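Participant: Take a look at this one; I'll ask things after.
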Amino acid sequence: MGSYNCACLDGFTATISGLPISIDNKCTATTPIPPTTNTTAVKMSMKIDKDFDITLEDSTSQKFREYAEQIELAIEKSYEDMTSYVKNSVKVFRFRPGSILADYQIDSTSSSLSSAELAKANTEVAGTLTAQGFPVDIKGFAQSEQANLSTVDKWYPLNSVTLKCKLTNAVGGTMRWTVNDQDPTLDKAKYVISSDRTTLIVNNVNERDKGRYACILDGEIRYIQWQDIVIEPLPKIVVGENKRFQCTEQTVELTCCESNYEVEWTPTTTADEVTPPDKGCITLKHKIVSADCAKRVYICQLKILELRDFSYGQRTVTVEEVKDEFTCKSTTLGDGKEDDILRGPCEKGMDGIITYQCILKQWREISRNCILQVIKDIVDKVEALVPLEIPNVVAELSTAAKNNTEEIIQSSVTVQTIVGILVKVADVSQKIIISQPVMVNFLKTVDILVSTLAIDTWNNINSNGTTDNTSTALLSAIEIISSRLTDTNFRINETSLELNRTVTNSTFYSGISSLPNSSTEIQIPEVPINTAITIIVFTTLGDILPTRNTTTNTSNTGNNTSDVRINGDVVVVKVDNKTINNISFAFDLTDQSLGNAQCVFWNFNLDAWDSFGCKAKTYISNGNETGRKMTCECNHTTSFSILMSPFVIGHDALAYITYIGVAISLASLIICLIIEAIVWKAMTRNDTSYMRHVSIINIAVSLLIANVCFIIGAAVADSEQPTSVGRCSPVVFFMHFFYLAVFFWMLISALLLFYRTVMVFSQMSRVKMMIIAFIVGYVAPLLIASITVASTAGPQHYVSQQACWLNWFESYALLAFVIPALSIVAINLVVLIVVLYKMLRRGVGAATQPDEKHALVVIARCVAILTPIFGLTWGFGIGTMVSRDLGIHIVFALLNSLQGFFILVFGTLLDSKIREALAGTLSLRNLTSSNRTRSTSAGPSSSSGLGFFQRMRRRNVYNISEASALSGATSSNSSNGSDTYVNA
């Protein structure tokens, strides 16, 4: 038999270590061996219906740790009774946007979990977390695994890419795909899914195809495999235009730029030299030989072979070598003759086109459209920006702005481009919560844009009608992103702006700006506790914003002129998810020479400063008024400032014209009414004349009362700005009513003219005509005025803030006067045309009496003259509501003062019968007075004398009446119908 040796296994030793292993010296265990258990790591996810806070991306942040701890405790408590769950194995390792997706991992002793047990445990988790302020979607639990679904490492633009879902035997259910949580089957041209649904093909890839691709198996517990796809940037090779050079011994340069990919020139010769890349550009130095002149084509192409066949893979430039003589020469731009124009790429590090012209033997730049290449690269990134990219994009933009401040503030195109980036970032930020570091970078960029050194650039931007909304777009972006800040207290201070984010711990908020040359105060007397408030103060933003308000459409920049200025800081106030009804501001006045202060906010709907809900008050400090500050009180939150004017429409000339003119109008109307009273009986013998004079009297009375109200309203407006609603409302109501009555009684005159001229054989009683006239003349205006005050009273703005008159900019109440008045003007003009046509064609009518003919002619003349005058007057009256131009105010004052005078002249004095009746009446009174004097002096003894004067008196009375009748008859019978109108 052979010999052999025995040894103990690991974990065992001999009983007697110095002796060989034998029956008497057995192996014994040194440490107990635990039973072997196999565990499987299971990755899960849950959906929490809250906005994603961008700080959750950082696993070291306080919010990440707080969220993870609460979620892990809830899961541990609910999962611990599951059969295969390994206790204390839960670990939250990531948060993703999409509301909030919490990815966590648990260990299981089984390769597959019990669906029933897991569903029950998840229901408990959802209930626990929801009660703690984490609203968990019960259908949002899934077994989730990040996998490499794509069959290629990089996705290039215009490629077609395939993704494959990697199934496991333990998973079953109905399979489907999602792209950024959307169903790809809705776009069959873009996406192709295999019959077994395991493969997804994405055609013609572009930047917008980036995002999360997921393969989902729907079962009792969903199973998800997902991958976040990034699209490589679109190559943009820039070589410039074809070039022409004089064929002489020289070396010319061809530059090719592509900032994201390596490129190369082809073909090249041994005489050509290619420089190393510099800021993404390579230069081919081509030597021209005079003995070998030709047209040569050079190609700049990507070094990645598989991309060259795409449209972006290469660019060509043709170099033409010619024998011609040229006056302008350049080894980079090419050669040309006088007045030739060519375009070339911007300098290295810039993107865009520069246009040159050959002037006096030199290529001179005539236009430039260049932006920094680093800014252009960011523009390309934000075309398909997703929330998680915001921190990096804003950080890159802030760094680029800091490193290129001088270039930025001197370039209108670059400023506009950066504003566009900020607008895009603000829009995408609505899906997430913005952290302090992101907001710091955002405001650092804004601070550079609104610096005092950039004012000239903003003037150029605002003077261009196609870009003048850039500054308001910037303001909008600031407002939008400031409403998405995290609920923590922090402050950001830059050179010309300051942000204060506060979560209140009391019911009162008070703050004061700490910026240089600013002491703007903000107070909110009533605010709920634990309310997040954001206050941003700008000291220079007012220099770039337009100054147009609801009474002007012009701006303070460029060639436009405006009579208002932003005379203080601009303050943005945002209160999260709460309504604030009272905010007080105290603004420093930057220009003490301005007056007529208005507290305003930027109304994005009106695209102008608006004073709705804000009042200006004198600033009081320690009981004393001071002119260095102005207090504003507002009942809402947004972007506020203060507008002031270099002058107010209050010139002495205008005041004299207004009050003296209205006095003349009042005097004329009173004279008109006196004359009508004197000649009333003599002039109202037929229905037509009767109704004509009724109309004139009511027009005069209505205009007289309206002018009195006008004087009262002007006095109220002069004594208080903005106008007092309580004091102005009654005046405005009566002005509205009686001015409308003037127009409606003019309509009655026109309708009477139409009725008596066109409807010759129709007869209507005087009583019926009077009823219709007073209903139309007074009831209709009363209804319009009453409906207007009922629908626009109170906060709806019945009264204008600038004058005691109907409001225009907030409620458009002025339309309740404009529409009826202009409609009546149009109707009267149509009636006049019809009547003139009838008169000129066939006369007034054989059946019409001479007195009626005369009355109709006078009515036609009044309608023809007064209608355009009244329409023109109130056309300028509307102009005074929307313009501060002094000329418009003066014209309106003149025309308004002449309305009463025109009624006196054209409605009364130019009527020959009124003059005859007035003369006859006055003569009769004089004669009667003379007769009485003579009778008294002669005594009763002269009976024959008394009889003479009595006969004379009867004779005179008869002659007056007869003269009046004969005058009408003669005027009627001596000419035909058409001559009647012309000669009246």
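Participant: Taking T488 as meeting all but one of (1) over 24 Å from I378 (Cα atoms); (2) open to solvent by less than 60 Å² (accessible area, probe 1.4 Å); (3) not hydrophobic (A, V, I, L, M, F, W, C), write down the number of the exception.
Facilitator: Only one criterion is unmet by T488, namely (2).
Participant: When you scan the stretch 334-373, how many residues do you find that are open to solvent by 60 Å² or more (accessible area, probe 1.4 Å) and on the phi < 0 side of the Ramachandran plot?
Facilitator: Here the count works out to 13.
Participant: So which residues in the stretch 706-760 are at pLDDT below 85, of a type in the set (S, T, N, Q) and assigned to a helix (DSSP H, G or I), if there are any at all?
Facilitator: Listed by number, the residues that qualify are S719, S749, T757.
Participant: Is it fair to say I433 is surrounded by fewer than 23 Cβ atoms within 10 Å (Cβ to Cβ) and not hydroxyl-bearing (S, T, Y)?
Facilitator: yes
Participant: Within the stretch 257-274, which residues are open to solvent by less than 60 Å² (accessible area, probe 1.4 Å) and within 9 Å of H286 (Cα to Cα)?
Facilitator: Of everything in the stretch 257-274, just one residue is open to solvent by less than 60 Å² (accessible area, probe 1.4 Å) and within 9 Å of H286 (Cα to Cα), namely D272.
Participant: Here's something else I'd like to know. Working only within the stretch 261-278, note down all residues that are in contact with a strand residue (DSSP E or B) (Cβ under 8 Å, 6 or more places away or on another chain), in a loop (DSSP other than H, G, I, E, B) and not acidic (D, E).
Facilitator: Across the stretch 261-278, the qualifying residues are Y261, P267, T268, A271, T275, P276.
Participant: State the number of residues belonging to the stretch 441-457 that are in a helix (DSSP H, G or I) and crowded, with 17+ Cβ neighbours inside 10 Å.
Facilitator: Adding up the residues that qualify gives 11.
Participant: Hey, can you tell me all the residues within the stretch 314-333 that are acidic (D, E), assigned to a strand (DSSP E or B) and either open to solvent by 20 Å² or more (accessible area, probe 1.4 Å) or under 15 Å from C281 (Cβ atoms) (or both)?
Facilitator: Within the stretch 314-333, E320 is the sole residue that qualifies.
Participant: Now for a separate question. Residue by residue through the stretch 155-213, note down the ones that are open to solvent by 20 Å² or more (accessible area, probe 1.4 Å), in a loop (DSSP other than H, G, I, E, B) and basic (K, R).
Facilitator: Hits for the stretch 155-213 are K166, K188, K190, R197.
Participant: I'd like to know if the stretch 530-545 contains one or more residues that are of a type outside the set (A, V, I, L, M), touching a Phe, Trp or Tyr at 6+ places or on another chain (Cβ under 9 Å) and buried (at least 19 other Cβ atoms within 10 Å of the Cβ).
Facilitator: Taking every residue of the stretch 530-545 in turn, at least one turns out to be of a type outside the set (A, V, I, L, M), touching a Phe, Trp or Tyr at 6+ places or on another chain (Cβ under 9 Å) and buried (at least 19 other Cβ atoms within 10 Å of the Cβ).
Participant: I need a count of the residues in the stretch 458-489 that are in contact with a strand residue (DSSP E or B) (Cβ under 8 Å, 6 or more places away or on another chain) and either modelled with pLDDT of 95 or more or assigned to a helix (DSSP H, G or I) (or both).
Facilitator: The qualifying residues number 6.
Participant: Pick out the one residue from A119, A102, A41 that is in a strand (DSSP E or B) and open to solvent by 20 Å² or more (accessible area, probe 1.4 Å).
Facilitator: A41 is the lone residue from the list that is in a strand (DSSP E or B) and open to solvent by 20 Å² or more (accessible area, probe 1.4 Å).
Participant: Give just the number: which of (1) open to solvent by 20 Å² or more (accessible area, probe 1.4 Å); (2) under 18 Å from K348 (Cβ atoms) does P233 not satisfy?
Facilitator: (2)
Participant: May I pose another question? Test of understanding: among D339, D309, which residue is over 20 Å from N242 (Cα atoms), without any contact (Cβ under 8 Å) to a residue 24 or more places away in the chain and in a loop (DSSP other than H, G, I, E, B)?
Facilitator: Going through D339, D309 in turn, the sole match is D309.
Participant: Quick check: is even one residue across the stretch 490-511 farther than 19 Å from T638 by Cα and of a type in the set (D, E)?
Facilitator: yes
Participant: Out of all the residues in the stretch 60-95, which are assigned to a loop (DSSP other than H, G, I, E, B), open to solvent by 70 Å² or more (accessible area, probe 1.4 Å) and either within 27 Å of V425 (Cα to Cα) or in contact with a Phe, Trp or Tyr (Cβ under 9 Å, 6 or more places away or on another chain) (or both)?
Facilitator: Scanning the stretch 60-95 gives T60, K87.
Participant: A further question follows. Those residues that are assigned to a strand (DSSP E or B) and within 30 Å of E66 (Cβ to Cβ), I need them from the stretch 124-154; list them, please.
Facilitator: Matches in the stretch 124-154: V136, A142, Q143, S144, E145, Q146.
Participant: Would you confirm whether any residue within the stretch 282-291 is under 30 Å from E232 (Cβ atoms) and either open to solvent by 80 Å² or more (accessible area, probe 1.4 Å) or in a loop (DSSP other than H, G, I, E, B) (or both)?
Facilitator: no
The values are calculated or read from the model by the stated rules, or taken from the named source; none is laboratory data. On a predicted model such as this, the values are computed, not experimentally measured, just so you know. For neighbour counting, all protein chains shown are included, and Cβ atoms are generated from backbone atoms with ideal geometry for every residue, glycine included. For accessibility, only protein heavy atoms count, side chains too; no ligands or nucleic acids. Shrake-Rupley method; radii C 1.70, N 1.55, O 1.52, S 1.80 Å.
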